[in-house]
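Take a look at the structure below.
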């Protein structure tokens with residue numbers, strides 16, 4: 001438990017607290033396998049199990065036999081499903097006697113002898129299920145059952161404390177990020193520099209790998225690529241430069257239709273996005289996109305990508321919506337100024353056709369006037 005508490009100090013978000021908990025217990029107990037299942041739509045990640053709350057998704061797995069269990073990651077029911085539905089730990093001293101769980105049978109064939117399934121219950125709801133397989137017989141009965149229950153409770157308390165600390169730090173980081181964006185936008189005085197400042201600042205402030213801006217083409221009513229920041233590999237960039245998106249299609253198209261922030265934890269789920277296959281090959285994992293609006297009209301979208309799976313907290317979603325409004329407002333102001341300047345030049349040309357701009361002093365003349373004709 002001391003190792004777990006120390007490891008949780010490295011947590012950066014809630015997803016990492018689940019991962020660290022699994023890795024720590026697998027390492028300290030010599031388990032062959034460890035995984036955590038979180039609430040989610042069946043089939044939304046590597047695997048799923050059905051349940052009364054709508055299902056669980058396999059969020060993280062590790063251990064020497066993880067490869068053998070991947071093939072049955074989508075199995076329904078079994079030990080994970082029973083722990084989820086019963087809301088109580090399940091201890092299987094001898095996995096050879098379990099006949100209704102394909103995952104357990106696969107683990108047994110790979111050398112597992114015992115299994116431990118621990119649901120995490122808060123406010124009457126299961127928020128996660130831990131799944132472990134051991135190469136040794138655990139003999140969990142009587143006092144040993146209470147021991148494992150105590151380990152599970154202490155581990156969850158440590159994880160919850162780490163989550164609270166992470167949330168406080170993320171709240172501070174999000175506020176700083178928004179302040180940084182405000183400062184960057186304040187120094188931008190034309191449309192292009194507003195978009196550039198937003199892309200660069202948001203990407204670096206939140207630690208993301210790549211960002212791009214897409215603008216709605218009035219003629220075709222499609223989103224077309226305009227600017228980028230960072231890098232996610234040459235292949236991903238080439239696909240990006242050639243892509244267009246209709247309203248509702250792909251990550252950017254979804255943000256356009258929703259007129260709101262859209263977050264995709266696993267880009268592999270985007271079956272309607274031409275960039276998704278390239279993203280997978282480039283190691284791009286999660287994507288976030290928000291629309292840029294003037295009034296109630298979407299004029300473009302701004303998306304960002306990460307090279308690791310992330311979760312979007314309420315704090316971060318709120319910060320990004322603030323950024324969306326700030327960028328939209330600043331871009332609206334700059335476009336209005338540019339339109340006014342263009343109209344002024346057009347008016348001047350209509351009043352004084354062919355009017356040449358004021359003559360500039362020639363270099364080296366030191367401001368002297370040309371001599372007039374001699375009398």
**Report entry** Test result for residue 153, free of Cβ contacts under 8 Å to residues at least 60 places away in the same chain and part of a helix (DSSP H, G or I)
**Finding:** yes
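Condition check ((1) assigned to a strand (DSSP E or B); (2) surrounded by fewer than 20 Cβ atoms within 10 Å (Cβ to Cβ)) across all residues:
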residue: 284; (1), (2): no, no
residue: 288; (1), (2): yes, no
residue: 291; (1), (2): yes, no
residue: 303; (1), (2): yes, no
residue: 307; (1), (2): no, yes
residue: 310; (1), (2): no, no
residue: 332; (1), (2): no, yes
Requested in this report: Please work out if residue 314 is surrounded by fewer than 16 Cβ atoms within 10 Å (Cβ to Cβ), within 17 Å of residue 175 (Cβ to Cβ) and at pLDDT below 90.
Outcome: yes
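Every residue, every condition in (1) in contact with a strand residue (DSSP E or B) (Cβ under 7 Å, 6 or more places away or on another chain); (2) in a loop (DSSP other than H, G, I, E, B); (3) modelled with pLDDT under 90; (4) surrounded by 15 or more Cβ atoms within 10 Å (Cβ to Cβ), yes or no:
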| position | (1), (2), (3), (4) |
| --- | --- |
| 183 | no, no, no, no |
| 195 | yes, no, no, yes |
| 199 | yes, no, no, yes |
| 202 | yes, no, no, yes |
| 208 | yes, yes, no, yes |
| 212 | yes, no, no, yes |
| 229 | yes, no, no, yes |
| 248 | no, yes, no, no |
| 254 | yes, no, no, yes |
Report task. Could you pull out the residue among 163, 104 that is surrounded by 17 or more Cβ atoms within 10 Å (Cβ to Cβ) and out of contact with any strand residue (DSSP E or B) (no Cβ under 9 Å at 6 or more places or on another chain)? Result -> 163
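The values are calculated or read from the model by the stated rules, or taken from the named source; none is laboratory data. Predicted model only: the values in this text are computed from it and were never measured. Positions of Cβ are backbone-derived with ideal geometry, glycine not excepted, and every protein chain shown enters the neighbour counts.
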